[in-house]
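Before any comments, here is the structure.
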Amino acid sequence: MNRMQKMTAKYLLAFVCAMSLFTTALFGQDSSGASVRKTPTHSHVSYGSEERQWLNLYLPSGNEPAPVYLYAHHNTATADDVLSSWADPTVASGIAIVSWESIAKIQGRADFKTCAADAKMMFAWVKENAATYNLDINKIFIGGQSRGSIVSWELAHSQAPGIAGIYMGQALPGQSYSERMLEPITKNAPPIFLAYRKEPGAEGDIHDAAHGIGIVERYKELGIGNRAELVHSLNQTSDNQVMQFLPEFVRTVVSRWSTPGFAQANTMGAGEATISKDGKFRVFVLMGQSNMHGAGRATNLRAPYTETHERIRIWANGRWEYFVPTQRHGPGVSFAHQLAEFWPNDTIGIIKVAVGATGINAFAKDWSFERAQLTYDGKKGPLYQDLMNAVVEARRVSNPEFCGFFWKQAAADGSKKELAAAYYKSLETLIADLRTDLEVPDLPVFIPSYMTDKKLLRMATSAVGKEVAAKTPTATNDVERLEALLSYLERTDGLNKVFGKRRYLAQVIMAQNRAGREMSNVTTLYDGDLPRIGGGNPHYNSEGYVILGQKTADAVEAHYKGKE
């Protein structure tokens, strides 16, 4: 029995009680005031063999596959009753609408079972015919009004691949709502938007916004409150149409995969790819700034990095795709290929969130524009949230086992003393948050450092001269001597001569090195002087990124061999 069948059996009683007790109230007249129907692009298309199984399609213009909203009508209306007041702006925004029919007026258990089965059949039909109507099967939104919210509820929470969000107006009216209705909502639930005309607890109306508030609270309990939104009391505004927010909601959800954090990863996808059911699906999180983002030219790569691999995937464009760079690349591609060889029976997945010239505050879970703007990163948005959006969706469509965090970032925080001083704590917090949210308390972390403390000490000694360096009698180890020399260079304005505009970069590197010594399950590795683009450029070339990925994969292999 699949997930949707189990849900039908489990929640059927709650639905049917509502249908039998509230048929008249539930299927009364719509109070939106608007009555102009929109003309379908394709009318009364059959999605099944029964007379009731038909749908209308309202399609936008454009060449790109469109996000699609699967709409279940309200009251005693039919699928023809799609009002122009909300459908016109929706279609004009590039969103397709599929208004589907089943039994217009549910009067008992048999009717509900029929509608639930029809919803699944309609959903399958949409996917099978998506190419014909230019629909994007990875951007499907489920919902409807009043009755429509009830007949769509199971499908909306089925976790079927492709469901990107839920939009419902006047949702779960009357006694269709109960605590049991919240049970199918899990931490992998898609984003949801709920709209009501009246205030919570309003008398004389079964469409109680308090039901929606219960749904939002369930999302919050699961730690995904940022994915649930509710508006009510629309009757007190100039527009009480509950469908008016649909275009903006769809745009917001779809744009999750078009952020600066995913921009480069999206260019590395080579088409949607399934995940093998054989072996484990080992997923690694890659984050950082320019040398994680990568400046290597894909045209300089050679096989096997230019070919699709049946056991390597990258999160790109909101889905798992084959991993083949087409423009620029960083260390991820060689890293993934080497680990695929190390685990020949498993699939390797990469979730990469990286933007050049970005400070660690931009990656913080507790993100704020002001803190991110300390390194001029505010407009890049909350990159940690980008990651979590991918994690949630990846968990919904696959079964990832998070096996490591690869962090390559430093320079941006070397520009200000206060940022460098706080770096160790910031890194410690980032790692702790990741381990909590990925539900891997001992998640291994791998940090390629630009140089060891000993190398930094040699640089500082050379800068101040051996005579000055020798005058640090209180220092008992290399770290203390290095701190003393860096303090001297700061007092004498010597830091700029050594590190340029990133005058506090040494302190950031020292913090990363310290993390490898003091933080549990954190490995700091030293990749040496890798081949660079040239001309004093801090970025590696293609060869350098391949080596960086391989050396980090070596560290991953050593870690897991040590656990055997």
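The values are calculated or read from the model by the stated rules, or taken from the named source; none is laboratory data. Small disclaimer: the values here were computed from a predicted structure and weren't measured. Heads up, the Cβs are rebuilt from the backbone with ideal geometry, glycines too, and the neighbour counts pull from every protein chain shown. Please note that ligands, DNA and RNA were not included when accessible areas were found on the heavy atoms of the full protein model with its side chains. Shrake-Rupley method; radii C 1.70, N 1.55, O 1.52, S 1.80 Å.
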If we only count helices (runs of 4 or more DSSP H) wholly inside region 390-480, which ones have 2 or more residues that are of a type in the set (Phe, Trp, Tyr) and either closer than 30 Å to residue 163 by Cα or touching a residue at least 60 places away in the same chain (Cβ under 8 Å) (or both)?
417-437
Suppose we keep only residues that are part of a strand (DSSP E or B) and hydroxyl-bearing (Ser, Thr, Tyr) within region 510-535. Which one would you say is farthest from residue 414 (Cα to Cα)?
523
If you go through region 44-61 one residue at a time, do you hit one that is open to solvent by 20 Å² or more (accessible area, probe 1.4 Å), in a strand (DSSP E or B), at pLDDT 50 or above and of a type in the set (S, T, N, Q)?
yes
Report every pair of residues separated by at least 6 positions or lying on different chains whose Cβ atoms are under 6 Å apart, first residue within region 546-564 and within 29 Å of residue 300 (Cα to Cα) and assigned to a helix (DSSP H, G or I), second β-branched (Val, Ile, Thr) and open to solvent by less than 60 Å² (accessible area, probe 1.4 Å).
555/523
Of all residues in region 196-230, count the ones that are over 19 Å from residue 240 (Cβ atoms) and not β-branched (Val, Ile, Thr).
12
Among (1) surrounded by fewer than 18 Cβ atoms within 10 Å (Cβ to Cβ); (2) within 27 Å of residue 561 (Cα to Cα); (3) not aromatic (Phe, Trp, Tyr), which single condition is residue 493 missing?
(2)
Determine whether region 66-83 contains at least one residue that is modelled with pLDDT under 95 and out of contact with any helix residue (DSSP H, G or I) (no Cβ under 7 Å at 6 or more places or on another chain).
yes
Search result, residues across region 125-181 that are of a type in the set (D, E, K, R) and either closer than 18 Å to residue 251 by Cα or out of contact with any helix residue (DSSP H, G or I) (no Cβ under 9 Å at 6 or more places or on another chain) (or both):
127, 128, 136, 139
Yes/no for residue 330 being touching a residue at least 24 places away in the same chain (Cβ under 8 Å) and on the phi > 0 side of the Ramachandran plot:
no
Can you confirm whether region 508-519 contains a residue that is among the hydrophobic types (A, V, I, L, M, F, W, C) and open to solvent by 30 Å² or more (accessible area, probe 1.4 Å)?
no
Please determine whether any residue of region 356-366 is under 30 Å from residue 276 (Cβ atoms), crowded, with 22+ Cβ neighbours inside 10 Å and either among the basic types (Lys, Arg) or in contact with a helix residue (DSSP H, G or I) (Cβ under 8 Å, 6 or more places away or on another chain) (or both).
no
Return the residue satisfying two criteria in turn: it lies in region 315-328 and is more than 21 Å from the chain's Cα centre (by Cα) and not hydroxyl-bearing (Ser, Thr, Tyr), and of such residues it is nearest to residue 293 (Cα to Cα).
328
Looking at residue 372 and the list (1) aliphatic (A, V, I, L, M); (2) open to solvent by less than 10 Å² (accessible area, probe 1.4 Å); (3) in contact (Cβ under 8 Å) with a residue 60 or more places away in the chain, which single condition is not satisfied?
(3)
Pick from region 116-145 the residues that are open to solvent by 40 Å² or more (accessible area, probe 1.4 Å) and among the β-branched types (Val, Ile, Thr): which of them is nearest to residue 242 (Cα to Cα)?
137
Do you know which residues across region 161-178 are of a type in the set (Ser, Thr, Tyr) and either open to solvent by 40 Å² or more (accessible area, probe 1.4 Å) or within 30 Å of residue 390 (Cα to Cα) (or both)?
167, 177
Restricting attention to region 341-349, does a residue exist that is free of Cβ contacts under 8 Å to residues at least 60 places away in the same chain and in a helix (DSSP H, G or I)?
yes
Right, residue 143: under 16 Å from residue 77 (Cα atoms), assigned to a strand (DSSP E or B) and modelled with pLDDT of 90 or more or not?
yes
So which of 486, 530, 505, 457 ends up being open to solvent by less than 20 Å² (accessible area, probe 1.4 Å), farther than 29 Å from residue 560 by Cβ and over 30 Å from the mean Cα position of the chain (by Cα)?
486
Filter region 85-115 for residues that are in a helix (DSSP H, G or I), among the aliphatic types (A, V, I, L, M) and open to solvent by 10 Å² or more (accessible area, probe 1.4 Å) and give the result.
91, 92, 110
Residues of region 519-537 being in contact with a Lys or Arg (Cβ under 8 Å, 6 or more places away or on another chain) and at pLDDT below 90, which ones?
527
Among the residues of region 153-178, count how many are in a strand (DSSP E or B) and out of contact with any Pro (no Cβ under 8 Å at 6 or more places or on another chain).
3
Tell me which of these residue 383 doesn't satisfy, since it passes every other one: (1) surrounded by fewer than 21 Cβ atoms within 10 Å (Cβ to Cβ); (2) more than 18 Å from residue 511 (Cα to Cα); (3) within 21 Å of the chain's Cα centre (by Cα); (4) not basic (Lys, Arg).
(1)
Failed condition for residue 538, given (1) part of a loop (DSSP other than H, G, I, E, B); (2) open to solvent by less than 40 Å² (accessible area, probe 1.4 Å)
(2)
Filter pass, residue 119 being over 23 Å from residue 232 (Cα atoms), part of a helix (DSSP H, G or I) and without any contact (Cβ under 8 Å) to a residue 12 or more places away in the chain:
no
Examine region 327-348 for a residue that is surrounded by 18 or more Cβ atoms within 10 Å (Cβ to Cβ), closer than 30 Å to residue 425 by Cβ and small (Gly, Ala, Ser), and state whether such a residue exists.
yes
